[in-house]
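Data block below; observations after.
The values are calculated or read from the model by the stated rules, or taken from the named source; none is laboratory data. Remember, predicted model here, so these are calculated numbers, not experimental data. Please note: Cβ atoms are built from the backbone with ideal geometry, for glycine as well, and neighbour counts cover all protein chains shown.
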Amino acid sequence: MVKEMKYRSVFDIIGPVMIGPSSSHTAGAARIGRAARHLFGREPKYANVHLYGSFAKTYKGHGTDVAIIGGLLDYDTYDERIRDALKTARKNGMKVRFYEEEAHTDHPNTARLKIGDDDGELELVGISIGGGKAEITELNGFELRLSGSHPAILLIHNDRYGAIASSTTILAKHEINIGRMEVSRKAQGEQALMVIEVDQNIDDSVLSELERADHIIQVAKISD
């Protein structure tokens, strides 16, 4: 019996349009950096990038360094400005440091980004899973599984009954379809993280409404 293989588009087969020699080390890395930029909501003033596994061994030759910083500058995988991302970031006043880590990780292409400015910080762990795709596996200490292939809303909320219902009710009112949803928490009764992947980009007015919902502390989004 031949199993039918389904793809969302031709790019799932041939990979993404991209700058650089490696879909895993360049395009995937750019997606990790861009996810961090979208979740932070602005260009950071500093970026400490910890690289593990093959990322740590080959990041200069394969363009992982410029790709991650290009993502932080909100460049897409095919943006030719990625080549000069390090120069541009430093020109903009961003302090960038790379660390080659020897610790073992579950995935060979792993990066931990610590970014911030005077108004806040963000720490994110991402892995490049091949074919230009990436997953976010940790955000500010919360474990999660975020593909980055779809628009997503991330809500930090108090671990109380009603938080999930108030959020999904708002999305239903605006006819926004949920593709995947998960909730993680550090401990019972403390803060929790709700990750909702949706089928279309979310307007800022909807995010503002979500921020006013019961028990919601902070809202961020990743656009397509």
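General remarks:
- Odd one out for Glu143, checked against (1) of a type outside the set (S, T, N, Q); (2) in a loop (DSSP other than H, G, I, E, B); (3) over 11 Å from the mean Cα position of the chain (by Cα); (4) at pLDDT below 90: (2)
- Residues in the stretch 74-113 that are out of contact with any helix residue (DSSP H, G or I) (no Cβ under 7 Å at 6 or more places or on another chain) and in a strand (DSSP E or B) were compared, and the one that is farthest from His38 (Cα to Cα) is Tyr99.
- Hits in the stretch 209-224 - residues which are closer than 13 Å to Leu154 by Cα and either polar (S, T, N, Q) or crowded, with 16+ Cβ neighbours inside 10 Å (or both): Leu210, Ile216, Gln218, Val219, Ala220, Lys221, Ile222, Ser223
Quick grid of which residues meet (1) in contact with a Cys (Cβ under 6 Å, 6 or more places away or on another chain); (2) in a loop (DSSP other than H, G, I, E, B); (3) without any contact (Cβ under 8 Å) to a residue 60 or more places away in the chain; (4) surrounded by 16 or more Cβ atoms within 10 Å (Cβ to Cβ):
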position	(1), (2), (3), (4)
Leu155	no, no, no, yes
Tyr161	no, yes, yes, no
Ala165	no, no, yes, no
Ile176	no, yes, yes, yes
Arg180	no, no, yes, no
Gln188	no, yes, yes, no
Leu193	no, no, yes, yes
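- Selection count, the stretch 36-65, where residues are under 17 Å from the mean Cα position of the chain (by Cα) and either without any contact (Cβ under 8 Å) to a residue 24 or more places away in the chain or assigned to a loop (DSSP other than H, G, I, E, B) (or both): 4
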